[in-house]
Amino acid sequence: MKKLIFIFTLSLGVLTFYSCDIDRTPFDSITSEDLANSETSAFNVTLGTYSRMRAWTENWHRLFEYPSDNVALSGTTSDPLFFSYNFNRIPNSSRTAGFWRSSYQIVVATNQVIGNVPEGSSPSNNQILAENYYIRALMHFSLVNIFGKPYNQGVNNPGVPLKLDAEPLNHPIRSSVGDVYDQVEADLLKAVSLFSENKTNVYASKEAAWALLSRLYLYKEDNQKAAEYADLVINSGRFSLLQTNRLADYPKLAPESNSETIFAVKFVKDVDYESNGWFTIGSLYANVQGAGWGEMYASRPYLELVREFPEDQRNKFIQPVVVDQNVTWGLFVRNNLTYGWTELTPQGEDFVYTHGGTTKLVEKEFNERGGISYHIDTDEGKKQILIDKRLDLRNNFPKYFILKCSGQEDQAHLWSPVVSRLAEMYLNKAEALAKQGQNAEALELVNVIRTRAGIPQTGLYNLGNLGGKTVLDVVLEERQLELSWEGHRKMDVFRNGRMMDRRYPGTHLAGNNPRQTILANENAIIEFIPEAQLLVHEGLTQNPG
């Protein structure tokens with residue numbers, strides 16, 4: 001018998017949510033009558049939904065982050081994540097199938113509560129309803145941005161099925177992108193109207209709904225509302241940017257201890273730590289405390305961008321893996337998009353190197369804001385270099401570990417993925433203002449983030465030191481710097497009609513069909529609908545090849 005996607009059994013004993021003091025007695029088979037008549041039942045089902053989101057975040061992260069220009073994989077793999085990473089998508093990917101399945105399982109769980117808990121019966125019931133409306137909105141919004149084209153490419157483009165009930169045999173067909181966005185907006189506004197408590201940031205909140213509305217309106221290019229809702233969060237008084245000297249510790253803090261996090265999916269110390277952290281998101285990015293594959297590294301363009309200012313604390317999210325402190329390398333990119341390096345010798349505060357039998361001084365170049373880059377002569381012409389001690393290599397790729405998804409509470413790859421945080425709100429508003437021609441105000445907000453990052457006053461932007469960039473260029477660049485490895489970059493590029501430029505070393509350039517550049521209007525920017533769903537879901541249509 002073919003398995004129907006929307007069948008959902010409320011058997012949540014193994015999904016107990018550990019971040020609060022509750023009765024952990026296993027239970028199952030919660031009925032609609034139970035939900036309608038018992039606040040405890042609705043509360044427990046919702047806790048189970050939060051718990052289910054832990055597994056959901058794995059493919060959520062991979063599908064949004066791996067197709068970006070923030071990452072460089074150092075080898076090929078049989079894991080279908082490779083086909084999302086290199087834009088050679090396949091219709092039978094277990095990654096997209098898992099994301100689809102877990103997203104809709106969560107949606108059905110929210111619908112069990114929304115459909116059976118009476119609105120207005122008590123403040124606590126309203127709170128539970130609000131949390132479920134928020135989660136349903138987050139699921140549909142995430143789904144439509146993986147399987148549907150950006151909103152500004154056409155509201156009538158196919159989106160995803162809108163599942164608004166808990167009936168297992170009701171299989172809706174794909175709604176349009178515009179209709180999905182409208183439903184997400186309606187659910188979030190409904191949630192805002194119902195919230196009655198201020199819980200910690202591992203639960204949905206009014207501010208989390210405002211934050212997601214700000215992102216939704218930004219993606220819709222309703223820039224006035226995007227700025228308004230960002231302001232609501234910024235001015236709420238509930239959140240504050242981490243101090244500069246704490247920024248590098250962002251992933252190490254339990255979310256409830258982080259003043260900047262608006263909403264995160266909670267992972268718990270000593271509980272969510274399977275296989276010593278080997279099969280976690282952070283494991284592919286780094287080896288920490290002896291655990292982790294450490295095979296996907298910070299990309300060359302990201303490294304060049306963040307290293308413009310050595311003071312930038314975001315450099316600390318990257319760990320070059322040094323194997324010899326006594327040797328200094330200048331690493332450059334060859335024309336065939338592989339790494340090369342030459343040894344450098346200190347000379348006072350500078351470095352020298354040998355090229356063509358001649359000793360030369362490494363050239364320093366400063367941009368309009370005092371940002372620095374280094375250059376040398378090679379057989380292929382002048383090249384920008386990164387200066388590091390001799391690094392460990394994997395398949396000739398220098399190891400630049402990413403630490404942003406590891407180390408929570410000093411466990412190697414424990415991490416609570418952040419859905420929304422305050423820095424995004426500043427940058428949402430900055431982008432919205434830039435698109436409305438309020439350029440000076442947009443740069444002021446960018447500078448808030450740059451100042452917090454530790455960049456000196458001379459490195460801040462003004463209308464006279466943009467170096468040929470537009471204000472929107474500057475905002476998007478800062479979004480890349482600040483929101484790296486949080487699942488924003490792919491959407492930021494394509495929803496703005498820009499090209500994903502992947503002309504840098506990595507195994508995305510391996511194989512018979514390497515994609516060095518991907519345009520925003522290509523079909524490849526969205527994933528195929530999982531093939532298995534087409535077989536069991538009458539009327540479901542596939543995305544174009």
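Quick notes on this structure:
- Out of Ser93, Ser102, Ser51, Ser78, one residue alone is closer than 22 Å to Lys399 by Cα and either open to solvent by 40 Å² or more (accessible area, probe 1.4 Å) or of a type outside the set (Phe, Trp, Tyr) (or both). It is Ser78.
- One residue stands out among those in region 328-354 that are free of Cβ contacts under 8 Å to residues at least 24 places away in the same chain and either aliphatic (A, V, I, L, M) or not in a strand (DSSP E or B) (or both): the one that is farthest from Gly506 (Cα to Cα), which is Gly348.
- Complete set of residues in region 255-277 that are modelled with pLDDT of 95 or more and touching an Asp or Glu at 6+ places or on another chain (Cβ under 6 Å): Ile262
Here is a yes/no grid of residues against (1) among the charged types (D, E, K, R); (2) in contact with a Phe, Trp or Tyr (Cβ under 9 Å, 6 or more places away or on another chain):
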position: Gly340; (1), (2): no, yes
position: Asp350; (1), (2): yes, no
position: Gly356; (1), (2): no, no
position: Val362; (1), (2): no, yes
position: Asp379; (1), (2): yes, no
position: Lys382; (1), (2): yes, no
position: Ile385; (1), (2): no, yes
position: Leu393; (1), (2): no, yes
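- Of all residue pairs spaced 6 or more apart or on separate chains, those with beta-carbon atoms under 7 Å, a first member in region 98-113 that is among the β-branched types (Val, Ile, Thr) and a second member that is outside any helix (DSSP H, G or I) are Val107/Lys163; Val108/Phe6; Val108/Phe8; Val108/Lys163; Val108/Ala166.
- Within region 523-545, considering residues that are open to solvent by less than 60 Å² (accessible area, probe 1.4 Å), touching a helix residue (DSSP H, G or I) at 6+ places or on another chain (Cβ under 9 Å) and in a loop (DSSP other than H, G, I, E, B), the one farthest from Ser68 (Cα to Cα): Leu540
- Condition check for Leu509: out of contact with any strand residue (DSSP E or B) (no Cβ under 8 Å at 6 or more places or on another chain) and either small (Gly, Ala, Ser) or open to solvent by 10 Å² or more (accessible area, probe 1.4 Å) (or both): yes
- Cβ separations smaller than 8 Å between residues 6+ apart or across chains give the following pairs from region 120-131 residues that are in contact (Cβ under 8 Å) with a residue 24 or more places away in the chain and within 22 Å of Val107 (Cα to Cα) to residues that are hydroxyl-bearing (Ser, Thr, Tyr) and in a helix (DSSP H, G or I): Ile128/Thr46; Ala130/Ser193; Glu131/Thr46.
- Among the residues making up region 493-522, those that are under 13 Å from Pro67 (Cβ atoms) and part of a helix (DSSP H, G or I) are Val493, Phe494, His508.
- Region 319-337, subset farther than 29 Å from Leu247 by Cβ and exposed (fewer than 13 other Cβ atoms within 10 Å of the Cβ), residue farthest from the chain's Cα centre (by Cα): Asn326
- If the condition is being β-branched (Val, Ile, Thr) and open to solvent by 30 Å² or more (accessible area, probe 1.4 Å), then region 343-367 contributes Thr345, Thr354, Thr358, Thr359.
- Breaking point among (1) buried (at least 17 other Cβ atoms within 10 Å of the Cβ); (2) basic (Lys, Arg); (3) not in a helix (DSSP H, G or I), for Lys490: (3)
- In region 207-218, residue nearest to Gln436 (Cα to Cα) [restricted to those that are in contact (Cβ under 8 Å) with a residue 40 or more places away in the chain and open to solvent by 10 Å² or more (accessible area, probe 1.4 Å)]: Arg215
- Just one of the listed residues (Tyr219, Tyr203) is under 30 Å from Met296 (Cα atoms) and among the hydroxyl-bearing types (Ser, Thr, Tyr), namely Tyr219.
- Counting only strands (runs of 3 or more DSSP E) that fall entirely inside region 357-475 and contain at least 1 residues that are more than 29 Å from Thr338 (Cα to Cα) and among the basic types (Lys, Arg), the qualifying elements are 418-421.
- Screening Leu284 on (1) open to solvent by 10 Å² or more (accessible area, probe 1.4 Å); (2) in contact with a helix residue (DSSP H, G or I) (Cβ under 8 Å, 6 or more places away or on another chain) shows it passes everything except condition (2).
- Sole residue being among the basic types (Lys, Arg), touching an Asp or Glu at 6+ places or on another chain (Cβ under 8 Å) and open to solvent by less than 10 Å² (accessible area, probe 1.4 Å), chosen from Arg394, Arg390, Arg450: Arg450
- Take the conditions (1) closer than 25 Å to Val144 by Cα; (2) over 17 Å from the mean Cα position of the chain (by Cα); Leu466 misses just one of them, which is (1).
- Taking residues in region 417-434 that are closer than 26 Å to Leu253 by Cα, and partners anywhere that are among the aromatic types (Phe, Trp, Tyr), the pairs with Cβ atoms closer than 6 Å and at least 6 places apart or on different chains are Val419/Phe263; Ser420/Phe263; Leu422/Phe239.
- Test: residue in region 308-318 that is part of a strand (DSSP E or B), open to solvent by 40 Å² or more (accessible area, probe 1.4 Å) and within 28 Å of Val475 (Cβ to Cβ): no
The values are calculated or read from the model by the stated rules, or taken from the named source; none is laboratory data. If you're wondering where the values come from, they're calculated on a predicted model, not measured in any experiment. Every residue, glycine among them, receives a Cβ derived from its backbone with ideal geometry; neighbour counts consider all protein chains shown. Note: areas computed on protein heavy atoms with side chains; ligands, DNA, RNA excluded. Shrake-Rupley method; radii C 1.70, N 1.55, O 1.52, S 1.80 Å.
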